[in-house]
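*Asks:* Sending over a structure as structure tokens; questions will come in a sec.
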Amino acid sequence: MKLAIAFFRLIRWPNLAFIVLTQVLFYYCIIVPRLPAEYYLLSHTINSFIFVLIVLASVLIAAGGYIINDYFDINIDQINKPQKMVVEKIINRRWAILWHLIVTTAGIAISFYVSLKTNWLVLIANIICSILLWFYSTTFKKKLLTGNIIISLLTAWTVLVLYVAAENKYTFATLFNTYFPQMQSIFKYAILYGGFAFIISLVREVIKDMEDMEGDAKYGCTTMPIVWGVPSSKVFVAVWLIVLAGALAVVQFYVIQLGWWISAVYCLLMVIIPLIFIYTKLRTAQVAADYHKLSSLIKVVMLTGILSMFFLKINT
């Protein structure tokens, strides 16, 4: 039992559950309501079964990334979060690398099948994701901004992969024009939520770097707080928080024009105002515990932002 609990901690099950929730909401609140029933009867496109496989592949590849990250981070984690360590403390390193290979390979194999039924970009992109997760753990996470941007792009991909699987004009080109308006609408929402995921993930990654400065500095990492200093890193985060809050405010202006008042009020109260609150707390943050609280708050805003998809289902 202890080993099973340790394994679920190793693969960050709450984060995997978040991936599942995001993809479920995007599929059932955005894709399904906008495409006619006959679309899902096509032989080469997304349907409920293929959707489940896409989610499973995303979860397995992400789990493999978490495992390999902890595998290579043993020394740093002994300083930054010794109480949360699993590899070597509970699970042997050899077992960790074996589990990484198993779950990642399974994720790629499922992606291959999904690509046969939808779009080969799914397989290609998921292979690239797996490679990036490996090199992120070995090299990129220690470099200025590189690791932050990679994780942010991978976070955005959890949304975009569903659009890519749905928009398969290569296998039903003659039907594509029929569904173009619907696919255009889905594309807009994919960019909106993908962009939200990218920016807020980038903000959180830099804040986590400020939290983990002590261990990162000891082992030669060149993250933003170490290279630029904490004050400059705070400015970087603050700018992106302002950009995100401002962009969401502009979107709500158009949402109000559609008469979606409840959606606009929800976004204001549950996303924009919390972002402003995080901005104010960032200015006074000093120690690792402060940055940890900010990181947790950002995860909450990520959740409330994703939950806003419910309103798209209601207003469709």
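Since every read-out is calculated from the coordinates, none of them should be taken as a lab result. This is a predicted model, so every value here is computed, not measured. Quick reminder, even Gly has a Cβ in these numbers, built from the backbone with ideal geometry, and neighbours come from all protein chains shown.
*Asks:* Which residues, taken from segment 286-310, are touching a residue at least 60 places away in the same chain (Cβ under 8 Å), within 22 Å of the chain's Cα centre (by Cα) and under 16 Å from Glu205 (Cβ atoms)?
*Replies:* Tyr291, His292, Leu294, Ser295, Ile298, Lys299, Val301, Met302
*Asks:* Quick one: how many residues across segment 132-156 are over 23 Å from Gly305 (Cβ atoms) and either polar (S, T, N, Q) or assigned to a helix (DSSP H, G or I) (or both)?
*Replies:* Adding up the residues that qualify gives 12.
*Asks:* Mind checking whether some residue in segment 220-238 is surrounded by fewer than 14 Cβ atoms within 10 Å (Cβ to Cβ), touching a helix residue (DSSP H, G or I) at 6+ places or on another chain (Cβ under 6 Å) and not in a helix (DSSP H, G or I)?
*Replies:* Among the residues of segment 220-238, not one is surrounded by fewer than 14 Cβ atoms within 10 Å (Cβ to Cβ), touching a helix residue (DSSP H, G or I) at 6+ places or on another chain (Cβ under 6 Å) and not in a helix (DSSP H, G or I), which makes the answer no.
Residues checked against (1) free of Cβ contacts under 8 Å to residues at least 60 places away in the same chain; (2) assigned to a helix (DSSP H, G or I); (3) closer than 19 Å to Ile108 by Cα:
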| residue | (1), (2), (3) |
| --- | --- |
| Leu16 | yes, yes, yes |
| Val20 | yes, yes, yes |
| Leu25 | no, yes, no |
| Cys29 | no, yes, no |
| Val32 | yes, yes, no |
| Val55 | yes, yes, yes |
| Ile61 | no, yes, yes |
| Ile68 | no, yes, yes |
| Asn75 | no, yes, no |
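*Asks:* Does Ile97 qualify as being more than 19 Å from Ala62 (Cβ to Cβ), of a type in the set (A, V, I, L, M, F, W, C) and surrounded by fewer than 18 Cβ atoms within 10 Å (Cβ to Cβ)?
*Replies:* When the stated conditions are applied, Ile97 does not pass them.
*Asks:* Could you tell me which of the residues Leu121, Leu116 is within 20 Å of the chain's Cα centre (by Cα) and within 19 Å of Leu160 (Cα to Cα)?
*Replies:* Leu121
*Asks:* Which residues, counting only those in segment 263-288, are hydroxyl-bearing (Ser, Thr, Tyr) and under 24 Å from Glu211 (Cβ atoms)?
*Replies:* Listed by number, the residues that qualify are Tyr279, Thr280, Thr284.
*Asks:* For segment 247-285, how many residues are free of Cβ contacts under 8 Å to residues at least 40 places away in the same chain, over 24 Å from the mean Cα position of the chain (by Cα) and under 20 Å from Met302 (Cβ atoms)?
*Replies:* 3
*Asks:* When residues of segment 3-12 are filtered for being surrounded by 15 or more Cβ atoms within 10 Å (Cβ to Cβ) and assigned to a helix (DSSP H, G or I), how many remain? Before the answer, list the steps.
*Replies:* Initially, segment 3-12 is screened for residues surrounded by 15 or more Cβ atoms within 10 Å (Cβ to Cβ), giving 6-7, 9-12.
Restricting the remaining residues to those that are assigned to a helix (DSSP H, G or I) gives 6-7, 9-10.
Qualifying residue count, segment 3-12: 4.
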